[in-house]
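Everything below concerns the one structure shown next.
The values are calculated or read from the model by the stated rules, or taken from the named source; none is laboratory data. These numbers come from a predicted model, not from an experiment. Because the Cβ atoms are built from the backbone with ideal geometry, glycine has one as well, and the counts that use them run over all protein chains shown. Heavy atoms of the whole protein, side chains included, go into the accessibility calculation; ligands, DNA and RNA do not. Shrake-Rupley method; radii C 1.70, N 1.55, O 1.52, S 1.80 Å.
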Amino acid sequence: MEATALVPKDELCCSVCCDIFKEPVLLKCSHSFCGVCVKQFWEEKSSRECPICRRKASMGEPPANLALRSIVGFFLKQKTERETTDNSDVRCSLHGEKLLFFCEHDKEPLCVVCQTSNKHRNHPVCPVEEAVLELKEELKPALNLIKEKLKRFTEVEQECKKTSTHIRRQAHHTEMQIKAEFEKLHQFLREEEEARLAALMEEEKQKSQIMKEKIENITGHISTLTDKITAIEKAMDTEDTEDTSFLKSYKNIKERAQCTLQDPELLSGALVDVAKHLGNLKFKVWEKMLEMVQYTPVFLDPNTAAPWLSLSDDLTTVRHTGTGQKYPDNPERLSRYPNVLGSEGFTSGKHSWEVKVGNKYKWDIGVVKESICRKGNITCCPESGFWVLMLRDGDKYSAAGAAALTLKRKPQSIRVQLDYDRGVVSFFDSSDMSLIYTFTDTFTERVFPYFCPCVNNDGRNEGPLQICPVKVSVTVMSSQ
């Protein structure tokens, strides 16, 4: 017997309430009612009496009918189970038949009647079980592509986080160097120190903000891709009884599986421009402290240094450490070979610098174009953008891409002279300025000083390459 039969619907309750039958109560006359509805009835009649027999009820709260509450609970459980069973059997909205087939042409499930209709008569049809398996396989490549995209975004996100950490480390280290340099100056230079620190902090703030926005952007894409993957996998993870539901939503799932996001890329120029803050620091204040000035015509860019190289604090000396350091693999960095570039490139004019090579057994120095390969294999020749003098085995000199050279003695310092407009790169023994070799070519892009403190075949590394300072003098001309 259903619980609703115990309630007088015509006088007392709405059908919805009676179907639910909330808070069943037992009156003194043994009639049972919905507690909510009987109270409403009493309020409307202004009298506490049984709605059926009109017998006066007690003035207190009517007791709950526990037996009826148990019957109602059982009834609601059965009703829920019936509704669940009915919903799992999806049928054709037009004919009420089970959806047993799938039209491969229109990509939609069909019943027996739909299959024979004019709309689908000549279309290829297969059982829904086969269609589900085939369409799931069809979705896998798109899903795998999204997963690969997510992997790439995740990798770049990690690189960006490493770069952000390195920026802070660079800024901190550069700050310490600037302070150390300024400690060598007298008190009246303190204002200059503060100005340079402010410039460093501003650059760190700007570049950290750029990297923060980059990370937030990538994180947003990762979240979107993760949600998309989760939704697709959830839709594909269906039971046999839900296959037709999957087929009905297949078009939307496939559209959602499309991914047009471009692969993320690391930002070029994201690192702190350490060379700008440290290069020629003393020279830039030479008018104030001339006797402390040390000027080098070029200095090294740590953002291009290979992980195995160590640069001096003043960016004039580079040595091979033999162990890799944890630098971010930013686009500017030469990560395949132990090389480093000068911080400033040239597009015109004459330039020269002197490199102390000492008694090293192996090194490369010279000029390279900006677009050289920085991550893969290189061919050291002018055709690849290298105008370089090389030493091997302590006494075998050669010009990149040219024959071996014969020198009268082993130079301790090499002068490099660049005439960009004439397309000439020359190398001299600094001790007597005797010419070693000259490249003649045509430059079409920016070129940079190039340094490679190689390690010998036996693993030895005798010392660093050092850019020699230039003596600075000032002549004061009196006006006549």
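Which Cα, out of HIS123, LEU389, ALA198, lies furthest along the positive dipole direction of the chain (beta carbon charges, K/R +1, D/E -1)?
Highest projection toward the positive end goes to ALA198.
Cross-link list LYS408/LYS471; LYS136/LYS214; LYS151/LYS248; LYS162/LYS205; LYS212/LYS326: which exceed 24 angstrom alpha carbon to alpha carbon?
Cα-Cα > 24 Å for LYS408/LYS471; LYS136/LYS214; LYS151/LYS248; rest within.
What order do HIS221, HIS172, HIS277, HIS95 take when sorted by accessible area (1.4 Å probe), most exposed first?
Accessible-area ranking of HIS221, HIS172, HIS277, HIS95, largest first: HIS172, HIS95, HIS221, HIS277.
Which distance in nm do the two modelled labels at VAL472 and GLU97 give, with both placed 7 Å along the Cα-to-Cβ direction?
With each label placed 7 Å out from Cα toward Cβ, I get 9.5 nm.
How far apart, in nm, are two points set 7 Å out from the Cα along the Cα-to-Cβ line at GLN187 and at ASP313?
2.4
Can you tell me the orientation of helix 35-45 relative to the chain, as the angle in degrees between its alpha-carbon axis and the longest Cα principal axis, to the nearest 10?
On a 0 to 90 degree scale, this one is about 60.
Would you kindly find the accessible area of SER93, with a 1.4 Å probe and non-protein molecules such as ligands, DNA and RNA excluded, rounding to the nearest 10 Å²?
110
Sort LYS119, LYS326 from largest to smallest accessible area, using a 1.4 Å probe on the heavy atoms of the protein chains.
Accessible-area ranking of LYS119, LYS326, largest first: LYS326, LYS119.
Report the accessible area of ARG415, computed with a 1.4 Å probe over the heavy atoms of all protein chains in place, in Å² rounded to the nearest 10.
ARG415 has an accessible surface of roughly 60 Å² with all protein chains in place.
For every helix of n ≥ 4 consecutive DSSP H residues, a contribution of -39,500 (n - 2.57) applies; sum these over the chain, divide by its total residues, and give [θ] at 222 nm rounded to the nearest 500 deg cm²/dmol.
Helix contribution divided over all residues of the chain: -11500 deg cm²/dmol.
Once a ≥ b ≥ c are taken as the square roots of the eigenvalues of the Cα gyration tensor of the chain, is the result rounded (a/c under 1.5), prolate (a/b larger than b/c) or oblate (a/b not larger than b/c)?
prolate
So with the 1.4 Å probe, I'd like the accessible area per residue for the chain, rounded to whole Å².
56
Calculate the dipole size of the chain relative to its Cα centre from +1 charges on Lys and Arg beta carbons and -1 charges on Asp and Glu beta carbons; express the result in debye to the nearest 20.
It comes to approximately 700 debye.
How far is helix 66-88 tilted, in degrees, relative to the longest principal axis of the Cα atoms in the chain, given as a value from 0 to 90 rounded to the nearest 10?
60
Could you state how much accessible area ARG190 has, in square angstrom rounded to the nearest 10, with a 1.4 Å probe and all protein chains kept in place?
60
Would you list SER249, SER268 from the most to the least accessible area, probe 1.4 Å?
Descending accessible area places them as SER268, SER249.
ASN359 to GLU148: FRET efficiency via 1/(1 + (r/R0)^6), r the Cβ-Cβ distance, R0 51 Å, to the nearest 0.05?
0.50
Cα gyration tensor of the stretch 51-210, axes a ≥ b ≥ c as square roots of the eigenvalues: rounded (a/c below 1.5), prolate (a/b > b/c) or oblate?
Oblate.
Angle, helix 128-183 long axis vs. longest principal axis of the chain, Cα atoms, 0 to 90°, nearest 10?
40
First compute the accessible area of the stretch 184-223 with a 1.4 Å probe, then give the percent of it belonging to carbon and sulfur atoms.
In the stretch 184-223, the share of accessible area belonging to carbon and sulfur is 54 percent.
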